[in-house]
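The values are calculated or read from the model by the stated rules, or taken from the named source; none is laboratory data. Here the structure is a predicted model, which is why all the values come from computation and not from measurement. Virtual Cβ from ideal backbone geometry, glycine too; neighbours counted across all protein chains shown.
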Amino acid sequence: MLKDLRLVWDLPIRLFHWLLVLSIIGSYTTAKLGLMPWHIRLGEFMVGMLIFRLIWGLIGPRHARFSNFIKGPSAILQYLKGGISSVGHNPLGAGMVVLMLLLLVLQVTTGLFSTDDIAFTGPYFPSVSHDWAEKLTAIHHKNFNIILAAIVLHLCAIVYYTFVKKEPLVPAMIHGGKPADHVPLQEAIAGSQLWRALIVILIACGCVYWLLHAAPPPPESLDY
């Protein structure tokens, strides 16, 4: 029951997680269906979300902060040997978070310069040569396959932790709580810091607005 839980994952981090899931699904679907205007909008939305996550990883609640869960290789080895227990992300989970964020930053960055060679281009396509745009577009496509592989690995880990280690990770990412007997009182968070999150959201929106309006004018034609 929820009353037997202690809060670990704040609401902003949970919303980020599920909105990211929906955005990745939407990006894949719109690309496959050729709905490029929507694909581009989703990419811009993901830029904002990633900016939010990077800032939130510095000033958010305890378990959202990078300093709380990013550890070195020695911590991973100790965890694998059973010598470390984690309330938030364990060392392996932290590695997956970092990997996914890096892959997504690469994905949205290359998307800014990409082209389909027909009608649609990223907002910063005019700022690079056509050869570079082609290279960045190729990276954009190949990197998404790596993202899909990382997602499969993540899902396998969830299945393992749910059915083998008996740690229900998915419900915790929905309601934010973990069993009180597994979360020391000093490790629980007092709240989700929603006002701070709102300020960070506004900053992220401002960054996206500036990024898009600082882009060069779109090309009149893709004929080369």
Open item on the list: Being assigned to a helix (DSSP H, G or I), within 25 Å of S23 (Cβ to Cβ), touching a residue at least 24 places away in the same chain (Cβ under 8 Å) and not β-branched (V, I, T) is the requirement here; does L54 meet it?
Closed with: yes
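Please go through segment 8-30 and pick out each residue that is hydrophobic (A, V, I, L, M, F, W, C) and buried (at least 19 other Cβ atoms within 10 Å of the Cβ).
The answer is V8, W9, I13, F16, I24.
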- [ ] Go through segment 158-180 and give me each residue that's in contact (Cβ under 8 Å) with a residue 40 or more places away in the chain and surrounded by fewer than 15 Cβ atoms within 10 Å (Cβ to Cβ).
- [x] I174, H175, P179, A180
- [ ] Please state which of the following conditions K165 fails to meet, knowing it meets all the rest: (1) under 29 Å from I13 (Cβ atoms); (2) not in a loop (DSSP other than H, G, I, E, B).
- [x] (2)
- [ ] Show the residue pairs that are 6+ apart or on different chains and have beta-carbon atoms under 7 Å apart, the first residue being within segment 196-220 and modelled with pLDDT of 95 or more and surrounded by 12 or more Cβ atoms within 10 Å (Cβ to Cβ), the second being in a helix (DSSP H, G or I) and among the charged types (D, E, K, R).
- [x] V208/E44; L212/E44
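Mind telling me which of the residues I139, I147, I189 ends up being surrounded by 15 or more Cβ atoms within 10 Å (Cβ to Cβ) and not in a helix (DSSP H, G or I)?
Criteria check complete, one pass: I189.
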Open item on the list: I'd like to know if segment 71-91 contains one or more residues that are surrounded by fewer than 17 Cβ atoms within 10 Å (Cβ to Cβ), among the basic types (K, R) and either under 17 Å from the mean Cα position of the chain (by Cα) or at pLDDT 95 or above (or both).
Closed with: no
Task: Within segment 31-57, considering residues that are touching a Phe, Trp or Tyr at 6+ places or on another chain (Cβ under 7 Å) and farther than 30 Å from I118 by Cα, the one surrounded by the fewest Cβ atoms within 10 Å (Cβ to Cβ) - done: G57
- [ ] Name the residue, out of L104, L92, that is in contact (Cβ under 8 Å) with a residue 40 or more places away in the chain, in a helix (DSSP H, G or I) and over 18 Å from R53 (Cβ atoms).
- [x] L92
